[in-house]
Amino acid sequence: MRGIHWLREAEDEFADIINYVIQQFGQDVAMRVYDDIISRVDLLAEFPDLGTSEPRYHFNGLPLRVLHSKLTRVFYCVHETEIIVVLLWNNRMDDRRLAKVIESRN
């Protein structure tokens, strides 16, 4: 089983998403979103290939994979010893910026 490592930027994005949901929909909905994202990411420790492959995107030379949910996409890479959460992308954001954001993390 691999450990999970979140990039600082991904942690910040997660906090931003939760804060947005709190403001728009309240604490109860935010807790459900929080639990959903954390439970999906935690599954990666045991099932690292759970997400779909995104071979056009890379992090430090490793191809990215993505977990899809209703509100977000979690971009991550599978390293020999750990799963690295690279980016949480709000599905309402403009995908034309996605490649540039991912590249900035390398």
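We did not get these values from a lab; they are worked out from the coordinates using the rules stated. Just so it is clear, the structure is predicted and the values come from calculations on it, not from any experiment. In this analysis, Cβ positions are derived from the backbone assuming ideal geometry, glycine residues included, and neighbour counts consider all displayed protein chains.
Below is a table of values for the structure above.
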item: Principal-axis tilt of helix 27-46 within the chain, Cα atoms, nearest 10 degrees; result: 20 degrees
item: Spin-label model distance (nm) - ASP42 vs ASN19, 7 Å beyond Cα toward Cβ; result: 2.5 nm
item: Angle in degrees between helix 8-25 and the longest Cα principal axis of the chain, rounded to the nearest 10; result: 20 degrees
item: Percentage relative contact order, the chain, counting C-alpha pairs under 8 Å, at least six apart; result: 30 percent
item: Loop-resident sites, the range 1-98, for GluC sites (Glu not before Pro), counting at most 11 other Cβ within 10 Å (DSSP); result: GLU80
item: Amide H partners (placed H, <5 Å) of LEU64, local residues excluded; result: GLU54, TYR57, HIS58, PHE59
item: Projected-area average for the chain over all orientations - Cα convex hull basis, square nanometres; result: 6.3 nm²
item: For HIS79, distant residues with modelled amide H under 5 Å away; result: ILE84
item: Potential extension, GLU80-ARG32 segment - 0.36 nm per residue separation minus Cα distance; result: 14.2 nm
